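Structure record follows, encoded as structure tokens.
Every number here is computed from the coordinates shown, using simple stated rules; none is lab data. Model, not experiment: these values are computed from the prediction. No Cβ is skipped: glycine too gets one built from the backbone with ideal geometry, and neighbour counts run over all protein chains shown.
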Amino acid sequence: MGLRDLDTGAVRTVNCRYLIGCDGARSIVRKAIGAELSGDAVIQRVQSTYIRAPGLIDRQRCERAWGTGAINPRRSGMVYAIDGRERWLVHNYMKPGEGGFDEIDRDACLRTILGVEDDFNYDILSKEDWYGRRLIASKFRDRCAFIAGDAAHIWVPYAGYGMNAGIADAMNLSWLLAAHLGGWAPPSILDAYEAERWPITSQVSRFAMSHAEAEIRRRGSVPADIEAAGPEGERVREEIGRLTYEINVQQYACAGLNFGTYYDRSPIIAYDGTEAPAYTMSLYTPSTVPGCRTPHFRRADGSSIYDAMGEGFTLLRFDSAADVAALEAAARVRGVPLAVLDVEGADIATDAGNGLVLPGLVLSRPDQHVAWRGVRVPDDPLGLIDRVRGAGG
Ligand SMILES: Cc1cc2nc3c(=O)[nH]c(=O)nc-3n(C[C@H](O)[C@H](O)[C@H](O)COP(=O)(O)OP(=O)(O)OC[C@H]3O[C@@H](n4cnc5c(N)ncnc54)[C@H](O)[C@@H]3O)c2cc1C
């Protein structure tokens, strides 16, 4: 592939066995592999302005916060504290049906959101207008070229999941590639990337979109008397505040999206027929159902289980008497890195309702998802090792 140095203009050619396009929403790698984006092209439009306004902080009448929302029927927006003193990012959420970005009076909107009059001074440091979208590439791979992050999926930045999802893509693809390039997995292990990440991407993007739409509806129905003085105004503010909290607490504390997602149709996971627990944007149930994120818990000495895991697979053993020699031997035969970690006495958040029988064994992958679980080592340990390394047939 050709690389051009933007500073010097020098061009050089690089030969590589694998290529990952982490080149953002306009990804040329996505286009090169023939993947097409589909979904919802425009969910919301936002005029964003980064300003320097030293006089703003002293005018704030509400509690100081990183993010402050302005809600009224004229204009709703968010104001983010960038340096905690004088730099602010102001999002002006454009109303459905409003004209183009340039037809909207940026200054007037900004003053409405900030609650300041014409005599208030600020400098614009930069501005960027953007669309909230829900678009997913039709495929994440063509032979040895992959796409990850915004190159593969773009969605409305609700629940702050865009970057998190990109990191999850990288966690996933990096261990699969390392396994193959390290010589202990066939190239077929790479099929798991799209099989695992595409459905999650699709699912989560819909969560994010439906919450964004709820927020857009709320913004569009703010009663005119929200700024009224007296008990009636108080009642309206309280009601809108409650609704705003209920919608937004989920996006700002989105543990479900980050920890509850699971891979339920992977070629390299040994399923046991148990359904993974459902999750919402904010809530999830820690579970050892294969495909789920390995539950986090503390060991008897208080240390984190994640810190004790090996770099490859980790077999969590809840009963130190359980004989795991056959699985260790099978891993050795195939060159699969496997560490055994005794976790007896740990403070375990069990998922008894989902079929985990303790004491038991849980095989955790390098990306901390459960590859297999059982009460004892299976009768065909080599078969299990082959499945989780992508040679399962
Ligand atoms: C207003 C807003 C708020 C957001 N808030 C959050 C949040 O709170 N939490 C969150 O998780 N996500 C958030 N996101 C989403 C997040 O910013 C993106 O999902 C994330 O930046 C995507 O990372 P990426 O590395 O895939 O792509 P990018 O960040 O776009 O990086 C791609 C890089 O590739 C480079 N590049 C492109 N083409 C080439 C080329 N041909 N050669 C060399 N380099 C190239 C680009 O210059 C760029 O540096 C937000 C997005 C927006 C718009």
Checklist outcome for this item: Using alpha carbon centers only, region 85-146 is separated from region 285-348 by a whole-angstrom value of 46
Next on the checklist: I'd like to compare 50-63, 122-135: which one has the highest average count of other Cβ atoms within 10 Å, and what's the full order after that?
Outcome noted: 122-135, 50-63
Item to check | Partners for Lys95 among aspartates and glutamates (Cα-Cα distance below 15 Å; same-chain residues under 8 apart left out) | outcome: Glu103, Asp105, Asp129, Glu213, Glu215
Checklist outcome for this item: Over all viewing directions the Cα convex hull of the chain casts an average projected area in nm² of 24.9
Item to check | Residues whose placed amide H lies under 5 Å from that of Asp342, excluding near-sequence neighbours | outcome: Arg317
Checklist entry - Between Arg74 and Asp58, what length comes free when the chain is fully extended (0.36 nm per residue of separation minus the Cα-Cα distance, one decimal in nm)? => result 3.4 nm
Checklist outcome for this item: Once both label points are put 7 Å beyond Cα along the C-beta direction, the Ser174-Thr280 separation in nm becomes 3.3
Checklist entry - Straight-line reach from Lys31: which lysines have Cα under 29 Å away, leaving out those fewer than 8 places along the same chain? => result Lys127, Lys139
Next on the checklist: From the phi angles alone, apply the Karplus equation (6.51, -1.76, 1.60; θ = phi - 60°) to region 100-114 and give each ³J(HN,Hα) in whole Hz, x where the residue is Gly or Pro.
Outcome noted: x, 3, 7, 8, 9, 6, 4, 5, 5, 4, 4, 5, 5, 5, 7
Item to check | Percentage relative contact order, region 228-387, counting C-alpha pairs under 8 Å, at least six apart | outcome: 24
Next on the checklist: At 7 Å along Cα-to-Cβ for each site, give me the label-to-label distance between Tyr306 and Ile82 in nm.
Outcome noted: 3.0
Checklist outcome for this item: Taking 265-278, 240-253 and ranking on average Cβ neighbours within 10 Å, highest first, one gets 265-278, 240-253
Checklist outcome for this item: Per GNM of the chain with C-alpha springs under 10 angstrom, the most fluctuating residue out of Gly374, Gly166, Gly230 is Gly230
Next on the checklist: Can you work out the Karplus-derived ³J(HN,Hα) for every residue in region 130-138? Use 6.51 cos²θ - 1.76 cosθ + 1.60 with θ = phi - 60°, whole Hz, and x for glycine or proline.
Outcome noted: 8, 9, x, 10, 9, 10, 10, 5, 5
Item to check | region 171-193-region 202-226 distance, computed between alpha-carbon centres (Å) | outcome: 39
Item to check | Förster radius 56 Å - calculated FRET efficiency between Thr13 and Ala326 (Cβ-Cβ, nearest 0.05) | outcome: 0.70
Checklist entry - Separation between the Glu103 and Ser188 pseudo-spin-labels, each 7 Å from Cα along Cα→Cβ, expressed in nm? => result 5.7
Item to check | In degrees, nearest ten, helix 325-334 long axis to first principal axis of the chain (Cα) | outcome: 80
Item to check | At R0 = 25 Å, FRET efficiency that the Cβ-Cβ distance of Trp130 and Ile226 yields, to 0.05 | outcome: 0.40
